[in-house]
Structures are given as C-alpha cells and as structure tokens.
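Structure, as structure tokens:
The values are calculated or read from the model by the stated rules, or taken from the named source; none is laboratory data. A quick note: this is a predicted structure, and the numbers were derived from the prediction, not measured. Heads up, the Cβs are rebuilt from the backbone with ideal geometry, glycines too, and the neighbour counts pull from every protein chain shown. Please note that ligands, DNA and RNA were not included when accessible areas were found on the heavy atoms of the full protein model with its side chains. Shrake-Rupley method; radii C 1.70, N 1.55, O 1.52, S 1.80 Å.
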Amino acid sequence: MLDIHLITENIDAVRESIKNRGVNANLDDVLQQNTARKLLKQTLDNKRAESNVFAKKIPQLKDSEKQSLIDKGRELNQEISAIEEELRKVEELFLETMYQIPNMLATDTPLGETDAENVVLRSHLTPREFDFIPKDHVELGKSLDIIDFDGGTKVTGSKFYFLKNEAVLLEMALKLFAMKVAAEHGYTMLITPDLAKKTILTGTGFSPRGEESNIYNLEDLDLSLIATAEITVGGLHADEILEEDQLPLKYAAESHCFRREAGAGGKESKGLYRVHQFSKVELFQITRPEDGETALKDILAVEEKIYQLLKLPYRVTRICAGDLGAAAFKKYDIEAWMPGRSSDEKYGEVTSASNCTDFQSRRLNIKYRDKKNKKIYPYTLNGTAIALSRTMIAILENYQQKDGSIIIPEVLRPYMGKDIISR
C-alpha cells in the first residue's frame, strides 16, 4: 500500500504508474474518500474537544445548573458515537480502495503491456546443439517412468502430477542444493506453513477473493493455500517493530505452492511448466530503504549462482510495466533454456526477483526503530531461489542423451547418489 501523503503530493506520477501498468484502479475514488475521512476526523476532533469542555465545567457548577449541561453532554456523546461509526465505515472503504492502487514504478522500468516486451539484459552459456531430435520433459518423464501426469489427473485433476523414482530424488536434491547456496549467502532457512490467514495474503499483495484471484480458499475458514512462501514469510513479522541492527533479515523458505491458474493454457504451459501445485525455495529480505537496491542485487546474484552451478543456459530479463505484479517496484526474471518448448522462444521463466519497497510493510504493519528512535517502514524484497518443477524441466531437457537417459548435473550427484537417470 502506498503512503497517502505520497499519493496526494504526486497525483500525476501515481496516475501515470497506474496507466503504464494497465491496471484497473480508481485514483479519484481514493482522493475523494481521503477528503471525506479527513473532514470526518476534524468534525470528530471538534466534538470531542467540546465534550471535554463540558466534562470540565460540570464539577464546577451548582447542582441546580449541572443537569442541563449533563443532558447536552449526553447528546454530544451520541453525536460522537454516530460520527465514529460513520468514520469507521469510511475508513474501511478507503482502505479497500487504497489496496487497489499498485506500487510506484522505478523510473527506469521498461514500458510495455505483456511479457513479450520484457527486456533481455544478459545471457549465460550458449544453448546446447543436439545431434539428435531432443524430446520434451513430458515424453522423457513418461519414458523414464519418473513423472505420472495421468495418475495426477485421475486422483486430483488436470495440472496435477506424481513424481516417481529418480524424479523424487532430483526434486529433493534441488531443494537441498538451493538451500545450501542460500545459507552460504547468509539466509536463514525456513519451512513454512502451506496455509495463511486472508489478512496476511492481503497484506503481501495477494487477492484471496475476486475474479483475478489465483488463490485456493478453504471453505468456512479464514485460511487459504499459499501461492508462494513470500506470503508466509512476509506475514512472519506482521505487526512487529524491529530494531535497525536486526536488518537485513534474510530468509530462504521452502513451501508447497498452490495456484488456480484459471484460463492458463497453451502449448508452452504443458507438463510441469504451469501446474496447480509445486514446490519452491523463496528468498525474502526485510531491509532499510536505503539498502533496497543492494538487497535486490543480492537476491538476483544468489539465483544466478544456483543456475550457474547447475550449468543451465539462462538469460536475465527486466520486467516491463504491464507485466509487473501490483506490489513490485522493480523486477528481474531468470529464464532458463528449455529445448523441448514447441515455439521458437525456447526460454521459460524459472525465477524472479522483486523490490516491493515499503508497499508490503505498510499493509502488514512492519516497522523498524532507527538509531534516533524513529519508526520507519522497511523495504521487503523477494525472489525465487529455485522453482523445483520448472528447473526439473530444464535439467531433463538440457541434460538428455541420445539413448533417452539423463545426465545428472555434477553439483546434484552428492545428493542423489548417482550420475545418470535411465530406464
């Protein structure tokens, strides 16, 4: 959530940010409701001041004079109660509308409406040239008996799956490997709950309800399945005041992730690429505002280190305005080379890294106390250390051999206890 003072002092810039993002957010409603709440607050303050004057006068009057003022005081208190209730409703509506306003954009954010307009910044490794026709991960998973999509569909529905045999070991190896790299960079390791309260989802910028929601809700409970550990780790310090010397807080959190992915389809969404349930390790930082850019570079560096050690070709992209989530001020993606993709565009997203400034900390009411005893909203940043299912795609497709076997990346062999996956 943006600071209302920032909005009122930068109306044109906020309006431009909303326009460039292409989101449906009514800034005029926010401004009107803010004016209404300020007027009500002023009226309430005046009435309370008047009531205090009455309360001080009454003990000084004679008994015969007190009743009239007592009656007036009662009437005034009834007015105050009515104004308080009206202000409560206006505040709720104001907050609800404020939640629709996205974060500001970094001044160097590329303009664009879709992911096709994201900007490639750099690439790592030259994609492999095969001397045979490579298979995609769906075919490889079936032939090696390591992924069962049919079983997942039968038991749960489309876009669910079973991992089998070496795929189970591969996912666990990737998880341990990513955690080890993150820990070496100073991140505290966590395994988080897979459920969160709706206030926590809303606080981190995820909509638990509505047409655009990507969230599974639990019926009759104030709980939802999380779409990312960013939600649970962000909520870990909700309503807390941290001390400056605690910052930065750096977490590497593993969780299952659940996404409805309504309407998501197409050839490039097949198999493991876009599913309703998957696991990943999420990086999360809480830091001082002046350290936000450094923290973002740190997260991206950890992500790149992981994919460099896996020896997977990838590229780093800067996300354009229209492809940014509401909470992100600035965002990078890492896209890994996936030769099994059917289109000419063989790169697929495997990680992201976002600076959310104080957008989430305001909603979650996280503050820190600086050396001058001033309470400040910190910046929150997040990034995917490793998306396990999508990274599995990249490994299966890049490391496949002519005989259908898969060479295991060298850094994963100590975790798996083998060098190759074969039928």
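Some notes on this structure:
- Seen against the Cα atoms of the chain and their longest principal axis, helix 292-309 is set at about 20 degrees.
- Ellipticity estimate at 222 nm from DSSP helix runs (n ≥ 4, -39,500 (n - 2.57)) divided over the chain, nearest 500: -12500 deg cm²/dmol
- Of the accessible area of the chain, computed with a 1.4 Å probe over protein heavy atoms only, carbon and sulfur atoms account for 49 percent.
- Set 164/198; 47/375; 164/280 screened for pairs whose C-alpha atoms are more than 23 Å apart: 164/198; 47/375
- Label-reachable residues, the range 1-16, where backbone N falls under 20 Å from a point 7 Å from residue 95's Cα toward its Cβ: 1-8
- Take the Cα of residue 116, go 7 Å toward its beta carbon, and the backbone nitrogen atoms of the range 340-377 under 16 Å from that spot belong to 343-347.
- Given 41/374; 41/331; 159/330, the pairs whose alpha carbons are separated by over 32 Å: 41/331
- Longest stretch of the chain clear of exposed loop sites (GluC sites (Glu not before Pro), DSSP loop, at most 15 other Cβ atoms within 10 Å, sites excluded): 1-112.
- Amide N proximity, the range 297-320 versus residue 268 label position 7 Å along Cα-to-Cβ, cut-off under 20 Å: 312-320
- In nm, spacing of pseudo-spin labels at residue 373 and residue 72 (7 Å Cα→C-beta vector): 4.1 nm
- Debye, to nearest 20: dipole size of the range 91-135, +1 on Lys, Arg Cβ, -1 on Asp, Glu Cβ: 440 debye
- Angle in degrees between helix 27-57 and the longest Cα principal axis of the chain, rounded to the nearest 10: 40 degrees
- In the context of the full set of protein chains, the chain has a per residue accessible area of 50 Å² (1.4 Å probe).
- Degrees separating the helix 388-398 axis from the principal Cα axis of the chain, which is the longest one: 30 degrees
- Extension gain (nm, one decimal) between residue 222 and residue 243, 0.36 nm per residue minus Cα-Cα: 4.5 nm
- Theoretical FRET efficiency, 1/(1+(r/R0)^6), r = Cβ-Cβ of residue 108 and residue 189, R0 41 Å, to 0.05: 0.80
- Quarter the surface of the alpha carbon convex hull of the chain and you get the mean projected area, 25.3 square nanometres.
- Bridgeable lysines around residue 371 (alpha carbons under 22 Å apart, same-chain partners fewer than 8 residues away excluded): 250.
- Against the compact-protein benchmark of 2.2 N^0.38 Å, the Cα-based radius of gyration of the range 143-278 scales to 1.21.
- Computed over the alpha-carbon pairs of the range 344-423, the distance histogram in 5 Å steps reads 3, 12, 13, 14, 11, 9, 7, 8, 8, 7, 4, 2, 1, 0 percent, short to long.
- Charge dipole of the chain about the Cα centre (unit charges at C-beta), most positive-ward option of 328, 137, 273: 328
- Pair residue 365, residue 418: separation of 7 Å Cα→Cβ label points (nm): 5.3 nm
- Comparing 364, 27, 87 in a Gaussian network model of the chain where C-alpha atoms under 10 Å apart are linked, the largest mean-square fluctuation is found at 87.
- In plain terms, the chain from residue 162 to residue 50 could stretch by 33.4 nm, reckoned as 0.36 nm per residue minus the Cα-Cα distance.
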